[in-house]
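This report concerns only the one structure given below.
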Amino acid sequence: MTPRLRGPSSLAFAGPAQWYPRTVPSSAFRASHRHVSSSTSSSSSSSTSSSKRGTFVRIAVVTATAGSIGAYIRWQQDSKNSTLNPFTFTHYELVSREPISSTSSLFTLRPVKPGHNREVYEAAWRTGVWSVMFKQPQLQIGRDYTPLPPIEKVSDTAENILEGEDQEPLRFLIRRDPHGEVSRYLHGLSLGSTVEMRGPQVECEIPSDVKDILFIAGGTGIAPALQAAYTLLRRDNGTAGSRIHILWANRKREDCLGGSNDSLQSPAERPWWRKLLSSSPATAAPEDPSKGLIVKELETLKSQFPGQITVDYFVDEERTMIDKQSILRFTKSSDASTGRGKLILVSGPDGFISYMAGPKMWAEGRELQGPLQGIIRELDLKGWNVWKL
Ligand SMILES: Cc1cc2nc3c(=O)[nH]c(=O)nc-3n(C[C@H](O)[C@H](O)[C@H](O)COP(=O)(O)OP(=O)(O)OC[C@H]3O[C@@H](n4cnc5c(N)ncnc54)[C@H](O)[C@@H]3O)c2cc1C
């Protein structure tokens, strides 16, 4: 994998480029119109009159051509704008916003105009981890957010709104930073508001030989973890025995309500009902209302791909932390299998990524991975590639 070239998302941008030629200014048209009137009313020599007519014809042709080119390009741009693309901003409507905890909400947005979004999303889902950039129009700044994988049953509210409609919605888990510009703006929008976004931006391609993924996620870093699971497990539809283990750290239990660990207890220590649950594929997503929405989505994936996705939860306020042992538990279990590509992905706040794998770096306008440091380096794992998101 090579580093993805991307501009710093936190910098201001000048909005979508106005690269198409402007239509000829109306003053030019008025000037040529004046020529028409003066040439028809004038009784001056015929050579002067025919030269004026020639000038008028040229201006009229240029005006008409420029006008139609402008109209054609604007039409093309408009039709592009109905489909998510990396170059111009596409308008989406905020359909629902459900609180997940005191700090984050699940946003559902759908394109204002119908387009070819399914194809765009599907290509991104097949590739790996991706994001889109949301625009804050007053400040003209943008921030990146990670779409959650589509599921059959999104949630009661969103499902009711989207039922039976081919609306190509996207869902996002967004944390409200009390001092953050764009997250505050998004949390303050009323339903039905228009949000502009562009993308997809591929953050990390998951190579086809990768069969084992350890995903270390902090907070909303769970969104790319869900994406990685969705891409990896759907890719071979369970036949190649791909596996993903997610270590998810949160500040508070409210962010992962009802989440219980899959690997922190040895199988012998597990109560009988947990053994039963992990060995028998469930057919429907668990409907426990005391579970957080993201926990439910993780359990839905587990029920779709039994035995292939496991999750351990860590909560700061419960003093549980991702340590070397929690990483080794999974990496050791996969060490014996050769010929399987192995990938560790780390996603979360900057400090979290630095602690796990060392900081990312900026050089010459590019975001680079930076050297591997942190506790993953200390573990000196052989055969594992590491990617910081
Ligand atoms: C690829 C990618 C995907 C992402 N996906 C998600 C996602 O799915 N969900 C999600 O919630 N987030 C996601 N993020 C993070 C998101 O892009 C934003 O960074 C986040 O929402 C905060 O943006 P903001 O505009 O609200 O805050 P900002 O305005 O950028 O501020 C962030 C913090 O920095 C502080 N700050 C700002 N300026 C200064 C300064 N000059 N000095 C000191 N402190 C300062 C602010 O007080 C605030 O606490 C993703 C980021 C990336 C790169």
Just name one of VAL202, TRP125, TYR185: the one whose Cα is farthest towards the positive end of the charge dipole of the range 90-204 (beta-carbon charges, Lys/Arg +1, Asp/Glu -1).
TYR185
Among 125-132, 256-263, 375-382, the order from most to least packed when residues are scored by Cβ within 10 Å on average:
125-132, 256-263, 375-382
Using a Förster distance of 25 Å, how high is the FRET efficiency between TRP362 and GLU181, based on the Cβ-Cβ distance and rounded to 0.05?
0.80
Spelling it out for SER96: with amide H atoms placed in the peptide plane at 1.01 Å from N, the residues 5 or more places away or on another chain with amide H under 5 Å from its amide H are THR108
Among the listed pairs LYS252/LYS324; LYS324/LYS382; LYS296/LYS388; LYS135/LYS388; LYS302/LYS388; LYS211/LYS360, which are separated by more than 18 Å between their Cα atoms?
LYS252/LYS324; LYS296/LYS388; LYS135/LYS388; LYS302/LYS388; LYS211/LYS360
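None of the figures in this text is laboratory data; all of them are computed from the coordinates on show. Computed from a predicted structure; not experimentally measured. Positions of Cβ are generated from backbone atoms using ideal geometry, with glycine treated the same way; all protein chains shown enter the neighbour counts.
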